[in-house]
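Some notes on the structure that comes next.
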Amino acid sequence: VYRCVPDKQRSFALGVQSVFLRLLGTIPGPILFGVAIDNSCTLWDINECKTKGACWVYDNERMAYLLMGISAACKIITIVFVLMAVCFYKPP
C-alpha cells in the first residue's frame, strides 16, 4: 500500500485497506464455516413446536470435505488475486 499511493494519502489508503480486510476477512468466514457445519448434521433436535434445535449427530466425513473445500477455495482465490496483482503492478 505504501508504494502505490502518494505520500499524503497513505493513512487514508491504510484505513480503506483495513475496512476491506474487516469486511471480506472477518465477516463471511464464520458464516461460511457455520453453514458447512450445519450442512454436515444428520440428526437435529426437534422440539414440540417443530423447530430445529442443536445438532446431535454430525457426519464427520462430510464435514471434513466441506471445511477442506472452503479452505481450498479461499486459498485458490487468494493465489489468483496475488498473481493478478503481480502481473498488473507497474512500479512508479
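The values are calculated or read from the model by the stated rules, or taken from the named source; none is laboratory data. None of these values were measured; they are calculated from a predicted model. Cβ placement follows ideal geometry from the backbone for every residue including glycine, while neighbour counts extend to all protein chains displayed. Surface accessibility is based on the protein's heavy atoms, side chains included, excluding ligands, DNA and RNA. Shrake-Rupley method; radii C 1.70, N 1.55, O 1.52, S 1.80 Å.
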P(r) over all Cα-Cα pairs of the chain, 5 Å bins from 0 to the longest distance, whole percent per bin, short to long, reads 2, 11, 12, 15, 14, 11, 9, 8, 6, 5, 4, 2, 1, 0
Using +1 on the beta carbon of Lys and Arg, -1 on that of Asp and Glu, and nothing else charged, what's the dipole of the range 29-88 about the Cα centre, debye to 20? 200
Value at 222 nm in deg cm²/dmol, rounded to 500, when DSSP H runs of n ≥ 4 in the chain each add -39,500 (n - 2.57): -19500 deg cm²/dmol
Of the accessible area of the chain, with the probe set at 1.4 angstrom, what percent is carbon plus sulfur? 69
How tilted is helix 28-39 with respect to the longest principal axis of the chain? Cα atoms for both, answer in degrees (0 to 90, nearest 10). 20
Average accessible surface area per residue within the chain, 1.4 Å rolling probe, Å²: 86
Restricting attention to the range 1-84, which chymotrypsin sites (Phe, Trp or Tyr not before Pro) occupy a DSSP loop and are surrounded by at most 14 other Cβ atoms within 10 Å? 2
Which residue, chosen from 89, 19, 34, occupies the Cα position most advanced towards the positive end of the dipole of the chain, where the dipole is computed from +1 (Lys, Arg) and -1 (Asp, Glu) charges on Cβ about the Cα centre? 89
In degrees, nearest 10, the alpha-carbon axis of helix 10-21 is tilted away from the dominant principal axis of the alpha carbons of the chain by 20
Taking Cα atoms, how many degrees apart are the long axis of helix 60-88 and the longest axis of the chain, rounded to 10 and kept between 0 and 90? 10
